[in-house]
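Here is the structure we will look at, set down as structure tokens.
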Amino acid sequence: MTQYRVLPGPEHFLPPAAASMGIYLPNPGEAHINGVIVPEEKAYEEAARQFLMAQVPTIFPGPLVLWAWNEKAAKKAAAVRSLYETLKECVQPGQKPMLIPMPDYRPKYPKINPEIEINPNHPNLTIWHNKIDCCMFIGVHCHQANLSLKIIRGGTSCYTVAMCAQAGHEDAMLSFRDASVEKILKLGEWIRKLKGTVKPRLTSAKTGASN
């Protein structure tokens, strides 16, 4: 069994792919936390706890849920919005939940507007600018999500959650697989269940940026 763990960074300039370090994906009904396979129910609780501890808990919806290209996508989008509204209702004064889209994957040079979008080629810019200390990717194609998760782990201390429609993401600190409307809403139920029981961090996590 590998001793490597997928933890908040900053790890280093070029962090290894977690799969190359022996981290493997969960089976149906399972998830992973820091690279350790756990029952899915435990992951719901931990994800909810991380959101409620964060100063700037943020959801990053990608093109697979942003664009209503079929009925399933539209239903997932509504569930993501419901999750965000639940998060806003359950945080304490001083915490700042955010919903920042990843509308497409094109590199945005010379710069992006980090207040309104995140890009997989330089996601750290949005993390740094908004001082995000916990985030969740959902509706992002797997190869783009993996790229983003590695960059975030390498250059920031943001805690990453991935709600994947396929088999999950090794490079997230916490990953679900087989994302569905029901699973998105269940995470909201756990956030509501833990409301008022989790003490927020006093300050945002270190981001590796100078600001």
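Between TYR4 and LEU185, what is the label-point separation in nm under the 7 Å Cα-to-beta-carbon projection?
The answer from the label model is 3.8 nm.
Decide, for region 79-195, between rounded, prolate and oblate: order the square roots of the alpha carbon gyration tensor eigenvalues as a ≥ b ≥ c, take rounded if a/c falls under 1.5, and otherwise choose prolate if a/b is larger than b/c, else oblate.
Numbers: a/c = 1.77, a/b = 1.27, b/c = 1.39.
The shape class here is oblate.
Through the Karplus equation 6.51 cos²θ - 1.76 cosθ + 1.60, θ set to phi - 60°, convert the phi angles of region 44-56 into ³J(HN,Hα) values in whole Hz; use x for Gly and Pro.
4, 4, 5, 4, 4, 5, 5, 4, 6, 7, 6, 6, 10
For region 2-69, just the Cα atoms, rotate onto the principal axes and tell me the three extents in Å, largest first.
39, 32, 31
May I ask you to list the chymotrypsin sites (Phe, Trp or Tyr not before Pro) in region 68-121 that are in a DSSP loop and have at most 12 other Cβ atoms within 10 Å of their Cβ? Could you put the intermediate results ahead of the total?
Numbers: sites: TRP69, TYR84, TYR105; in loops: TRP69, TYR105.
Sparse-neighbourhood loop chymotrypsin sites (Phe, Trp or Tyr not before Pro): TRP69.
Using a 1.4 Å probe over the heavy atoms of the protein chains, calculate the carbon and sulfur portion of the accessible area of region 1-113 as a whole percent.
After summing per-atom areas, the C and S share lands at 60 percent.
Whose amide H sits under 5 Å from the amide H of MET136, counting only residues 5 or more places off or on another chain, with H placed in the peptide plane?
Close amide H contacts, sequence-distant or interchain: THR58, ILE59, PHE60, VAL161.
Can you tell me which of 15-21, 61-67, 149-155, 97-103 comes out highest on packing, and rank the rest after it, using the mean Cβ neighbours within 10 Å? Write down the numbers at each step before the final one.
Working: 15-21: 15.9, 61-67: 20.1, 149-155: 24.4, 97-103: 18.0.
Those peptides, ordered most packed to least, come out 149-155, 61-67, 97-103, 15-21.
For the pair HIS12/GLU85, report the inter-label distance in nm, with labels modelled 7 Å from Cα in the Cβ direction.
4.7 nm
GNM on the chain, C-alpha springs below 10 Å: top fluctuator among LYS195, LYS75, LYS111?
Maximum among the listed residues: LYS111.
Excluding residues on the same chain fewer than 8 positions from LYS131, give the lysines whose Cα lies under 19 Å from its Cα.
Cross-link targets: LYS88, LYS96, LYS111, LYS150, LYS199, LYS206.
Which residues' amide hydrogens lie under 5 Å from the amide hydrogen of GLY168, considering only partners 5 or more residues apart or on another chain, with H built in the peptide plane?
Under 5 Å from the amide H of GLY168: ASP178.
So what is the orientation-averaged projected area of the chain, using the convex hull of its C-alpha atoms, in nm²? All intermediate terms of the calculation are to be shown ahead of the outcome.
Values: hull surface 44.5 nm².
In nm², the orientation-averaged hull projection of the chain is 11.1.
For region 144-186, place one equal point scatterer on every Cα, skip the solvent, and apply the Debye formula. What is log10 of I(q)/I(0) at q = 0.20, 0.21, 0.34 Å⁻¹?
Log10 of I(q)/I(0), two decimals: -0.59, -0.64, -1.16.
Using amide H atoms built in the peptide plane, which far-off residues or other-chain residues are under 5 Å from ALA31 H to H?
Distant-sequence amide H within range of ALA31: VAL38, GLU40.
The values are calculated or read from the model by the stated rules, or taken from the named source; none is laboratory data. Worth saying up front: this structure is predicted, and the values here are computed from it rather than measured. For neighbour counting, all protein chains shown are included, and Cβ atoms are generated from backbone atoms with ideal geometry for every residue, glycine included. All accessible areas refer to the heavy atoms of the entire protein, side chains included, with ligands and DNA or RNA removed. Shrake-Rupley method; radii C 1.70, N 1.55, O 1.52, S 1.80 Å.
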